[in-house]
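K.L.:
Okay, here's the structure, questions in a sec.
The values are calculated or read from the model by the stated rules, or taken from the named source; none is laboratory data. None of these values were measured; they are calculated from a predicted model. Virtual Cβ from ideal backbone geometry, glycine too; neighbours counted across all protein chains shown.
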Amino acid sequence: MARTRNIWVLPEISDNGEEINKLSLGLLTGARDVAEKVGGTVTALVPGDRTADYSDILGKYGVSRVYIFQDPLLQYSLAEAYVAALLPRIQAEKPWLILMGHTTIGRELAPRLAALLDTGVITNCARIDFSQPEQPKFSRPVYGDQLYQEVVFQTDNTMLVTMDPRALNVTPAARPVKVRALTIEPKLTAESIKTRHLEYLPADSRTVDIADASTIVSAGMGAVTDEILPLVEELADLIEGAIGTTRPVVDGGKIPRERMIGQTGKVVSPEYYLALGISGATHHVGGIQDSGKIVAVNRDPQAPIFQSSDVGAAADLKEVLPALIERIKRARDNGEIL
């Protein structure tokens, strides 16, 4: 008898059921696509500390069932609590595949579940090949995204996969479906959870992972002089943007390598990308093409970056940045922006 290919997915949804990030919408889309290819069904897993109605958002993306795990200890995204809540249901129903994001939650949760389920885990998966549904092939980038490693599970147990956010598309279902919801109360005990949530610390915009940032202020060679770089950092703080950069800047030791954007660095997709003193080499532009709005400032009016920008200004950063910073500060003081 053929095994039912049920796909479970762990989106990251807020308690009000309305706030869901782009990665999670991509996970819902990906889970639905997998189900359509292998003839399975999709179940969403939503841990939290209260019951909320997730029907609209999940039904819009083709999810037919949701398990809502309700417990006060699930208020914070602690992997230890998530494992305690999810594991019994996974062991009882043995889903074929569980998808989650390659996020802080996914990177900590997936290996724990894999160890307890005696199965494997594919991390940072970028592509799944279903040409042989009985043995799907999972591809993940290695060696700084220069090569792809192809992996096939040799197990009858549940397959666990964390998905690379860059590989996910967001596409609602052709027709919304009716969602069946089941609320599960794990009844966790505080003594069984060794980790504790103490407080949330505000993120330092200069150190936020550029792959997750909604706003990026990127500095090229024309923006990392001793005079201009402090202004770039001040601007990034003001607009809560993550600092990005290019290969020549990294090679020069001005900004750490994890900030590098491009085909040999990180591919990003922020809502706003501000390119300061960046010429626009092909390998860099290849890493920002999925950005919402690209604004470029370069004193060379022939810089290639302008061809990829929505808005561009041929100007000297030594003049532009102090004026822009002062304008933003004045607007905040006057209540024009929050």
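K.L.:
Within region 255-302, work out how many residues are within 25 Å of residue 148 (Cα to Cα), outside any strand (DSSP E or B) and aliphatic (A, V, I, L, M).
P.N.:
Of all residues in region 255-302, those within 25 Å of residue 148 (Cα to Cα) come to 256-270, 281-291.
Next, from what is left, pick out any that are outside any strand (DSSP E or B): 256-259, 262-265, 267-270, 281-291.
In the following step, the residues that additionally are aliphatic (A, V, I, L, M) were identified as 267-268, 281, 285, 288.
Final tally of qualifying residues: 5.
K.L.:
For region 240-260, give me each residue that is modelled with pLDDT under 90 and either within 17 Å of the chain's Cα centre (by Cα) or of a type in the set (Asp, Glu) (or both).
P.N.:
240, 258
K.L.:
Quick test for you: out of 61, 54, 82, pick the one residue that is closer than 20 Å to residue 170 by Cβ and at pLDDT 90 or above. Let's see the steps before the verdict.
P.N.:
Values: 54 fails: at pLDDT 90 or above; 82 fails: closer than 20 Å to residue 170 by Cβ.
Just one listed residue meets the conditions, 61.
K.L.:
Next up: Considering (1) over 19 Å from residue 193 (Cβ atoms); (2) of a type in the set (Ser, Thr, Tyr); (3) crowded, with 20+ Cβ neighbours inside 10 Å, say which one residue 82 fails and leave the rest.
P.N.:
All conditions are met except number (1).
K.L.:
How many of the residues making up region 303-338 are acidic (Asp, Glu), in a loop (DSSP other than H, G, I, E, B) and over 17 Å from residue 228 (Cβ atoms)?
P.N.:
Filtering region 303-338 for residues acidic (Asp, Glu) gives 310, 316, 319, 326, 333, 336.
In the following step, the residues that additionally are in a loop (DSSP other than H, G, I, E, B) were identified as 310, 316, 336.
Restricting the remaining residues to those that are over 17 Å from residue 228 (Cβ atoms) gives 310, 336.
Final tally of qualifying residues: 2.
K.L.:
Then there is this: Considering only region 101-158, how many residues are under 21 Å from the mean Cα position of the chain (by Cα) and among the hydroxyl-bearing types (Ser, Thr, Tyr)?
P.N.:
Selection size over region 101-158: 6.
K.L.:
Out of all the residues in region 57-112, which are out of contact with any Lys or Arg (no Cβ under 9 Å at 6 or more places or on another chain) and of a type in the set (Lys, Arg)?
P.N.:
Within region 57-112, 60, 89, 107, 112 qualify.
K.L.:
Would you point out the residue of region 28-52, among those that are closer than 30 Å to residue 197 by Cα and in contact (Cβ under 8 Å) with a residue 40 or more places away in the chain, that is surrounded by the fewest Cβ atoms within 10 Å (Cβ to Cβ)?
P.N.:
Our first condition is that a residue be closer than 30 Å to residue 197 by Cα; within region 28-52, this holds for 28, 43-52.
When the remaining residues are screened for being in contact (Cβ under 8 Å) with a residue 40 or more places away in the chain, the result is 43, 45, 51.
On the way: 43: 23, 45: 22, 51: 14.
Among those residues, the one meeting the criterion is 51.
K.L.:
Now a separate question. Output the number of the condition that residue 181 fails; it satisfies all remaining conditions of (1) under 27 Å from the mean Cα position of the chain (by Cα); (2) under 30 Å from residue 293 (Cβ atoms); (3) not basic (Lys, Arg).
P.N.:
Residue 181 satisfies all of (1) under 27 Å from the mean Cα position of the chain (by Cα); (2) under 30 Å from residue 293 (Cβ atoms); (3) not basic (Lys, Arg) except (2).
K.L.:
Every residue in region 297-307 that is surrounded by fewer than 19 Cβ atoms within 10 Å (Cβ to Cβ) and among the polar types (S, T, N, Q), please.
P.N.:
302, 307
K.L.:
Same structure again: So residue 57 fits all but one of (1) hydrophobic (A, V, I, L, M, F, W, C); (2) surrounded by 21 or more Cβ atoms within 10 Å (Cβ to Cβ); (3) under 29 Å from residue 194 (Cβ atoms); (4) touching a residue at least 40 places away in the same chain (Cβ under 8 Å); what number is the exception?
P.N.:
The one condition residue 57 does not meet is (3).
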